[in-house]
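Taking it in order: structure first as structure tokens, then the write-up.
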Amino acid sequence: MRNITRVLIATAALGGTLAAATGAGLAASHPDLKWTAIFDSTGPAGAYGTSQKNALELAAADIDAGKIESGGQKISIDIQDSATSPAQVINIMQSAFGNGTSLIVGPTLSSEAFKADPLAVKANVPVMGVSNTANGITEMGPCVFRNSLSEAQIVPDVIEAAKKSWHVKTAAIIYGDDDQFTKADYTIFNADLPKAGVKVVDVETFHKGDVDFKAQLTKIKEAKPDVIVYGALYAEGAKLLDQARQVGLHGHEIGGNGFNSPQIIALAGKAADGVIVGAAWYAGAETNGNAAFVKNYTAKYSKSPDQFAAQAYAGAQIAAAAVKKSHPADAAGMCSALKQVGSVQTVIGPFKFASTRDADAHGFVVQIKNGTFSKFE
Amino acid sequence: MFDQQLANGIFLGAVYALFAVGYTLIFGVLDILNLAHSAIFMASSFVALALVRHGVPFWAAFLAATMFGGALSVVLDRVAFAPLRARGVGGGALGPLISSIAFGIIVVSVMRGIFGPDEIGYPSGSVPTANLHLGHASFTAMDLSVLLVSLVMMILLSLLLKATPLGRAIRAVAENTKAASLLGINVEHTIGLTFLIAGALGAAAGILIGAQFNAVGILMGQRIELKGLAVIILGGMGSIPGAVLGGFLLGLLEVFSVAYLSSSYRDAIAFAVMFLILIVRPSGLLGKRAGRTA
Amino acid sequence: MEWLVHFYALHSKLIDQVGINAIFALSLSITLQAGHLALANAAFGGIAAYVASLLSIARGWPLSVTTLIGAAAAALVGAAVGWPVTRLRGVYLAIATIGFGEIALIVENNLSITGGAEGLSQIPNQTTTWKIYLVLAVLAFIFWRLRRTRAGWAIAAVREDEHAAASFGIDPTRVKFWTFVASAAIAGVAGSLYAHENFFIAPGDWGFSRMVDILVYCVIGGAASPWGAMLGAGIISLLPEVFRFLHDYRDIVNGVVLLAVVIFAPQGLAGLWARDRRGRKATPPGAAEAQGS
Amino acid sequence: MSVLHYRDVGVNFGGVHALHGVSFDVQSGHVVGLIGPNGAGKTTLINVTTGVVAPTTGSVTLDDMPLSGRRQYQIARVGVARTYQNIRLFPRMTAIDNVVVGATRIRHDPDLGAFVFLPSVRRARIELQEHARYLLHRVGVPRDEWDTVASVMPYGSQRRLEIARALAMRPRVLLLDEPAAGMNPAETANLQALIRSIAKEDVAVMLVEHDMPLVMGTCDQVAVLNFGELIATGTPAEVSRDPAVVEAYLGSEALP
């Protein structure tokens, strides 16, 4: 008898806590349009999610103030932290469907998008990915959009630039084999370099969070490549650049998408000079409204924006433009509005969606020179 | 090429040894796997960086932050371990492991609140990073200082444990807390001091490694923690010289596995060695206590 | 009734997560009941998830078949790893299993068949809420009746005192080995259900931080009781949602709650019912917690 | 009828001779006392018999089946039960559960039956509980302590519970390691009656004890160990007059 009562008590407690959870989700306000943004502002991807959250808060304020036109239609953006946990992304998304959300912005990581976006597809709510670069994101459903350029769209231009200016024949690649961003860098560079007639002479790997790369860099030094390609995010990237100098490597260097962050200059300092990076945006880009965006962001958050912030802000600009043009009233309306938004001037440059709802835009090839990113000639 | 890799291996080994010394001390004395050690390692690194940013010279900031680490470690003991000890939940049990994880989560969360989620570096010029050369191998002044500090730490700590009354008290508590208290040793006081020392060691490691790689971030501790586990197993749980020996061996093993095998299995080899040592010789190279029978 | 339908529509995924986490917690509970701390459940979940997902993508077999094969694969690896590992004691066993988990992670990252860090997508979404809670009910029933069997008594005796148990004809190594293999199989079932719930898996889903979550479910609920494990999984899975209004400061709450439970309710929440030990019949052996040797 | 044979049993731990050339028998139905000063090797002999320690020389056999070299649980399964000098009960289990665990190996109810609510399983369980209560009553554990957790039971009851747990195995050989430690004379008298009654059930009992009156009053035979060597065997009367024993125990001047 004792155990049966124990089972009842256990399930009752579960039920009780579930009820409490819904209390938090049901408070809904009734603006014209309600968007939900899902970013990882805590946990391992906290650095990127925080930039996105900051940028979207700025965009929400700019929409209310009319700096980003939305045709007078009020838009409230509920920004939630998913703590680098796919389970939380899913839970936020599902509660959002319940309170009239007409657009999901995010999530930060492609691995989270692959798990959560199918729910939005089933609920017919459009998703705007602002940092998902993996292949296959937009194929998940007719209303899954993204404004983040995938590596495949940027890398060929970078390789072209490197061949034209540096006449490189051989290359070595070092990348993090346990992170989706950096693994994607490797897969694409390893495919495109030979196509451009550049022979890959050595490939080395490391793991997220490693602090010492001298062993790999010494091995690369032995292979004497004309250029070194780093598939790394800013934290490991800065240490790689620093230790490359220590080990006596002074050749040409190319950084993957993860290098496009002011943090890498702050951390690596002089060691970062000369590196060229394929980027969807950089602080110095003379794109429409970019200077104001950089100034406002730096003023509000006391650090300069990175690519994650720029793409999140641009995502809001594109969605607001769609609202201004078609005045959608619900999720379905929002989806068709995004499909017909046409070309939009954003901080990451003139933007329009390709037929596959990926970004049909060009990236920039930039070089780190005395402490800032500038166009690579 | 060989002597550059050898240098890489030795300096990496010093990093592992420095982290492992504090880690193994707590395990050796209290038979507790202290998963909050990495949080103290990280928090002290941030404190040192904050001091340097306010103009405090590096080595002064180093001493102050090491004291902070020691103090935080005593707080850890009071909050997470002492209540369990009071209720007789001894070492080797689940409680202390979880309470150390909980304390670690709290420290990481507070640090993120104060310093933000990004990795931040030392202002240029505040840390000695001159490039030095010895034969074909090149390394930085910080590499050298990490090596020297870890060796000095080992010698000092071994001396302290062997030759001072506090050291004898710590070793008595390590052998048997009940017996130690019968011999008139104030066990709680000794444990408190042990945490102070282990915390200071962890702090020193955090500050130096943060400066050496010019990267202080809230996740820096978690990543070296699992590697530290491999080191203290290799060297022998609870043995200070073992932790240093284990650190250098693992550093060399990793570097040469990259140099002569493939870098993608660098970490796998470290954990495979740990796995084998546990199966074949749980007491590690210098550890006294084998997988103690009940 | 309408409220329930609305509630389910809003929170079906959360309910599924609680169920899957409870199965993971049960997989850890069985080894804790035998008194040893094995920390490889997340890794075994990953192995089974990959085996089951690759099968259902390539062959399209039903969930029940792929899950069983996945769990069998995890159990097989569990046996291979378990043979040397269950001879170790206390923290050494825990660290050996952590080491195994890291190695499994690295292999998954480097195999091409698993898609490495970029993960495995398009996994057929076959897991449904009733399937999860059916598995959970079956496991709960097995755990509940297990205590009546000789195996149940043997497991409890080995947790209490290995040597004393041996002097009554119970082979402690065999008990620890088979509970380790059983826990690998149960974790495998949970892993396969997770994969078919989330369309996509990546090595990162099965790392050490996932293992710590599972450990926390058991400790919060009650280290060695199946009811505790399920309750702990429920509460910890809901915590981030309940405290969502705290936004970025939620993990301070997680840390504080965890610390409070470990210190003030060492037997975990489920243990609170068996709080008064003197004179009152303690709950059956399975419920005595594993802390303190 | 079964006999426990010790043939030239020797154990050395790295040069230290804990036991050397020990040979004697323990017949079922008889109580053999094993006495000797502290450190004489009494507990080591029990550990050798139960497989905790492997003998360096000689052998221990039960009837014709060798015990030395087999694992602890295998020896237990052939019917060798023991109690511990420092109590090793299952601390968080109740008294009854401790005894039920003792009987784990000898029960024959089908394990899988429990999953299908077979009535036979239920009957077996009730029968087992009854048997446990009978044993607790027999060893004299007070009724109100039957449901308490072993770790909080009074010392005397814990000692008796250990014996009840060992009896639950229906052993052929029972090794008692200082069961009377800390007992008052009245309790010791009860213990003596209990040991006699156990032996009568065709069990070979070996009693390791310091309480001379208990040993002399209970044992059919007595074996005396000193520094790991057997210095005398025989009836209690013979042994108590043996000069070697008196000297070993009381020092030479005490010789009458």
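The values are calculated or read from the model by the stated rules, or taken from the named source; none is laboratory data. Source: prediction; values computed, not measured. Note that we place each Cβ from the backbone using ideal geometry, even for glycine, and neighbour counts take in every protein chain shown. Accessible surface is based on the protein model in full, side chains and every heavy atom, while ligands, DNA and RNA are left aside. Shrake-Rupley method; radii C 1.70, N 1.55, O 1.52, S 1.80 Å.
How many square angstrom of accessible surface are buried between B and A, both sides summed, with a 1.4 Å probe and rounding to 100? Please list the in-between numbers first.
Numbers: alone 13310 and 15960 Å², together 26640 Å².
Using a 1.4 Å probe on protein heavy atoms, the buried area is about 2600 Å².
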- With label points set 7 Å from each Cα along the Cα-to-Cβ direction at A:Q73 and D:A244, the distance between them in nm comes to 10.7 nm
- Percentage of Cα-Cα pair distances in region B:102-231 greater than 24 Å, rounded to whole percent? 48 percent
- Task: Using +1 at the Cβ of each Lys and Arg and -1 at the Cβ of each Asp and Glu in region D:165-256, identify which of D:A168, D:A193, D:V245 lies farthest towards the dipole's positive end.
- Result: D:A168
- Could you work out the equivalent-ellipsoid semi-axes for the protein assembly as shown, taking the square root of 5 times each eigenvalue of the Cα gyration tensor, largest first, in whole Å? 63, 36, 25
- Message: I'd like the mean, over residues of A:176-185, of how many other protein chain beta carbons sit within 10 Å of each residue's own Cβ.
- Response: 5
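Per the Kirkwood formula on distinct C-alpha pairs, the Rh of chain C is how many angstrom?
Details: mean 1/r = 0.0514 Å⁻¹.
Answer for chain C: a Kirkwood hydrodynamic radius of 19.4 Å.
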- Listed residues D:A232, B:V29, B:L12: farthest to the positive end of the dipole of the protein assembly as shown (Cβ charges): D:A232
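Return the FRET efficiency for the residue pair A:E160, B:L134: r is the Cβ-Cβ distance, R0 is 45 Å, and the value is rounded to the nearest 0.05. Before the final figure, lay out each step's value.
Details: r = 42 Å, r/R0 = 0.93.
So, using R0 = 45 Å, E works out to roughly 0.60.
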- Item | Cα pair distances in region D:45-109, grouped into 5 Å bins until the bin that holds the longest one, percent each | 4, 15, 23, 20, 18, 12, 6, 2, 0
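With solvent modelled as a 1.4 Å probe, how much accessible area in total do chains A and C shield from it at their shared surface, in Å² to the nearest 100? Spell out each step's value before the answer.
On the way: alone 15960 and 14700 Å², together 26630 Å².
In total, this chain pair buries about 4000 Å².
So, with +1 on the Cβ of K and R and -1 on the Cβ of D and E, and no other charges, what is the size of the charge dipole of chain B about its Cα centre, to the nearest 20 debye? Please list the in-between numbers first.
Numbers: 16 positive and 11 negative charges, 161 e Å.
In debye, rounded to 20, chain B gives about 780.
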- Item | Threshold 20 Å² - residues in region B:105-144 whose accessible area is reduced by that much or more when the chain is no longer isolated, probe 1.4 Å | B:I105, B:I106, B:S109, B:R112, B:G113, B:P117, B:D118, B:E119, B:N131, B:S138, B:T140, B:D143
- Tell me, for the protein assembly as shown, which Cys residues have no other cysteine's C-beta sitting closer than 4.7 Å. C:C218, D:C219
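Translational diffusion coefficient, Stokes-Einstein: compute it for chain D using the Kirkwood radius over C-alpha pairs as Rh, at 20 °C and 1.002 mPa s, and state it as an integer in µm² s⁻¹. Please report the intermediate quantities before stating the final value.
Numbers: Rh = 19.1 Å.
Diffusion coefficient, whole number: 112 µm²/s.
Might you tell me the accessible area per residue for the protein assembly as shown, computed with a 1.4 Å probe and given in Å²?
Details: 42870 Å² over 1220 residues.
Per-residue accessible area for the protein assembly as shown comes out at 35 Å².
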- Hey, which of these cross-link pairs are over 30 Å Cα-Cα: A:K115/A:K183; A:K67/A:K115; A:K53/A:K115? A:K67/A:K115
- Query: Rounded to the nearest 500 deg cm²/dmol, what is the calculated helix-only ellipticity per residue at 222 nm for chain D, with -39500 (n - 2.57) per DSSP H run of length n ≥ 4?
  - Reply: -11000 deg cm²/dmol
- Computed ³J(HN,Hα) along region A:357-366: with the Karplus parameters 6.51/-1.76/1.60, θ = phi - 60°, integer Hz and x for glycine or proline, the list is 6, 7, 7, 9, 8, 9, x, 10, 9, 10
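Determine, for each peptide in B:8-21, C:37-50, the mean count of other beta carbons within 10 angstrom over its residues, then list the peptides with the highest first. The partial results should precede the final answer.
Values: B:8-21: 27.3, C:37-50: 29.7.
With the highest mean Cβ count within 10 Å placed first, the list reads C:37-50, B:8-21.
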- If you add up the charges near D:L214, with Lys and Arg at +1 and Asp and Glu at -1, over every other residue whose beta carbon is less than 15 angstrom from its beta carbon, what do you get? -2
- Task: Can you work out the PRE-style zone for C:A79? Point 7 Å along Cα to Cβ, and I want the residues of region C:97-120 with backbone N under 19 Å.
- Result: none
- Within 10 Å of the Cβ of an average residue in C:144-157, the count of other chain Cβ atoms is 6
- Those residues in region B:258-286 that give up at least 40 Å² of accessible surface, probe 1.4 Å, once the partner protein chains are present instead of the chain by itself are B:V258, B:S263, B:S264, B:Y265, B:R266, B:D267, B:F271, B:F275, B:L278, B:I279
- Task: Evaluate E = 1/(1 + (r/R0)^6) for B:R171 and D:N12, where r is the Cβ-Cβ distance and R0 equals 30 Å; express this FRET efficiency to the nearest 0.05.
- Result: 0.55
- Task: Give C:K13/C:K131; A:K34/A:K339; A:K164/A:K214 a once-over and call out the pairs whose C-alpha atoms are over 25 Å from each other.
- Result: A:K164/A:K214
- Query: What does the charge add up to near B:M111, with Lys and Arg as +1, Asp and Glu as -1, over the other residues with Cβ less than 14 Å from its Cβ?
  - Reply: -3
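If contacts are Cα pairs under 8 angstrom and at least 6 residues apart, what is the relative contact order of chain D in percent?
28 percent
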- Along principal axes, largest first, the alpha-carbon spread of chain B in whole Å comes out as 57, 47, 35
- In region A:198-224, which residues give up 50 Å² or more of accessible area once the other protein chains are added, compared with their chain alone (1.4 Å probe)? A:H207, A:V211, A:D212, A:K214, A:A215, A:T218, A:K219
- Message: Sort C:239-248, A:153-162 by the packing proxy (mean of other Cβ within 10 Å over each peptide's residues), most packed first.
- Response: A:153-162, C:239-248
- Please report how far the C-alpha centroid of region A:206-270 lies from that of region C:174-231, rounded to the nearest whole angstrom. 38 Å
- Item | Spin-label model distance (nm) - D:N86 vs B:K162, 7 Å beyond Cα toward Cβ | 3.1 nm
- Item | With every protein chain in place, chain B: carbon and sulfur % of accessible area (1.4 Å) | 72 percent
- Message: Whole percent per 20 Å bin, from 0 to the bin with the longest distance: what is P(r) over all C-alpha pairs of chain A?
- Response: 29, 52, 17, 2, 0
- Query: Which of the DSSP-defined H helices in chain A satisfy a minimum axial length of 15 Å, computed from C-alpha atoms, and a minimum mean Kyte-Doolittle hydropathy of -1.0?
  - Reply: A:2-26, A:46-64, A:86-98, A:110-122, A:151-166, A:180-195, A:234-247, A:290-301, A:307-326
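R0 = 51 Å: FRET efficiency of C:S209 with D:F117, Cβ-based, nearest 0.05? Intermediate values should be presented prior to the final figure.
Working: r = 42 Å, r/R0 = 0.81.
According to the calculation, E is roughly 0.75.
So what is the calculated 222 nm ellipticity per residue for chain C, using -39500 (n - 2.57) for each DSSP H run with n of 4 or more, over all residues, to the nearest 500 deg cm²/dmol?
Working: 12 runs with 205 residues, N = 293.
Calculated at 222 nm, the ellipticity per residue is -23500 deg cm²/dmol.
Give me the dipole magnitude in Debye, nearest 20, for the protein assembly as shown about the Cα centre, with unit charges on the beta carbon: positive for Lys and Arg, negative for Asp and Glu. Don't jump to the answer; show the numbers that get you there.
Working: 93 positive and 89 negative charges, 291 e Å.
Around 1400 debye, computed over the protein assembly as shown.
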- Query: At D:M65 and C:Y8, where each label point lies 7 Å from the Cα along Cα→Cβ, what is the point-to-point distance in nanometres?
  - Reply: 5.8 nm
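Only helical DSSP H runs with n ≥ 4 go in: add -39500 (n - 2.57) per run for chain A, normalise by residue count and round the 222 nm mean residue ellipticity to 500 deg cm²/dmol. Walk me through the intermediate numbers first.
Values: 12 runs with 174 residues, N = 377.
My calculation for chain A gives -15000 deg cm²/dmol from helical runs alone.
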- Compute the acute angle (0 to 90°) between the alpha-carbon long axis of helix B:94-115 and the principal axis of greatest extent of the alpha-carbon atoms of chain B; round to the nearest 10°. 40 degrees
- Query: In Å, what Rg and Dmax follow from the Cα atoms of region A:151-279?
  - Reply: 12.9, 34
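Which whole number gives the average count of other chain Cβ atoms within 10 Å of the Cβ atoms across peptide B:218-228? Show your work: numbers first, answer last.
Working: counts 4, 7, 3, 1, 4, 6, 3, 1, 8, 4, 0.
The per-residue average across the peptide is 4.
For C:P84, what is the net charge nearby, where nearby means another residue's Cβ is under 14 Å from its Cβ and Lys, Arg count +1, Asp, Glu -1? Display every interim value, and only then the final one.
Values: positive: B:R281, C:R87, C:R89, C:K176; negative: none.
With Lys, Arg at +1 and Asp, Glu at -1, the net is +4.
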- Item | Euclidean distance between Cα centres, region C:49-65 to region B:70-124, Å | 42 Å
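Which percent of the accessible area of region A:33-76 is formed by carbon and sulfur heavy atoms (probe 1.4 angstrom)?
Details: 680 of 1240 Å².
On region A:33-76, the fraction of accessible area on carbon and sulfur atoms equals 54 percent.
Kirkwood hydrodynamic radius, region B:8-163, all distinct C-alpha pairs: what's the number in Å? Before the final figure, lay out the partial values.
Working: mean 1/r = 0.0573 Å⁻¹.
Kirkwood radius, region B:8-163: 17.5 Å.
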